[in-house]
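Readers should treat all values here as calculations from the given coordinates under stated rules, not as data from a laboratory. Please read these numbers as outputs of a predicted model, since none were measured by experiment. Here the Cβ positions follow ideal geometry from the backbone for every residue, glycine too, while neighbour counts run over all protein chains shown.
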Amino acid sequence: MVGADFAGFPLKDAVCEHLRAKGWTITDVGVKVDSDSDDTDLMFHRVGLCAGSMISEGEFERALLFCGTGMGIHIAASKCPHVHAGVVESVPATLRAITGNGVNVLAMGAFYVAPAMACDIVDAYLNAELGSGYEWWKNLYEFHKLAIDELEDFDYEEYKANGFKVNKL
């Protein structure tokens, strides 16, 4: 699944063309060629919330999001439960985001990432997973899986009541 606001649309469009050429079927929840530029439903935060909710509800395992910086749409998607979003601008950062942090929403900024780089980033992201071997670190998967599980289980009120300490799993 992909989504973009108007600033991220050109980058999303290039990535979608790349993915379609590789045989991917794409669900697009954001700005499209014929979208009304005055449609406030397609603002970055609303597209991010829509995409994030689709991850939360289990409709999709991963999403690719695009806005001007990647930041706003990523923040919005992150408001939804079970969304682990990251903003990237390079292939190494992408590999680390997925293999070490298990991100299920990857955001990019059209102001900073060139279309060819975005296609390389997407290929890296879609061909890797948590602990898939990019890193050399012993027990990488177990270490980062623990972090992901603790974040999934995180309850701020419980954390606060516990003196701002994580209840370890």
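Rounded to two decimals, the Cα-based Rg/Rh of segment 63-169, with Kirkwood Rh, is 1.03. Measuring nothing but how far apart in sequence close Cα pairs (under 8 Å, 6+ apart) lie, relative to its length, the chain scores a relative contact order of 21 percent.
Using unit Cβ charges (K, R positive; D, E negative) and no other charged atoms, how large, in debye to the nearest 20, is the dipole of the chain about its Cα centre? Around 500 debye, computed over the chain. Cα gyration tensor of segment 1-61, axes a ≥ b ≥ c as square roots of the eigenvalues: rounded (a/c below 1.5), prolate (a/b > b/c) or oblate? The shape class here is oblate.
Provide, for the chain, the number of lysine pairs with alpha carbons under 25 Å apart, each pair being eight or more places apart or on different chains. Lysine pairs, 8 or more places apart or on different chains, close enough: 14. When the helices of the chain are scored as -39500 (n - 2.57) per DSSP H run of n ≥ 4 and the total is divided over every residue, the value at 222 nm lands at -13000 deg cm²/dmol.
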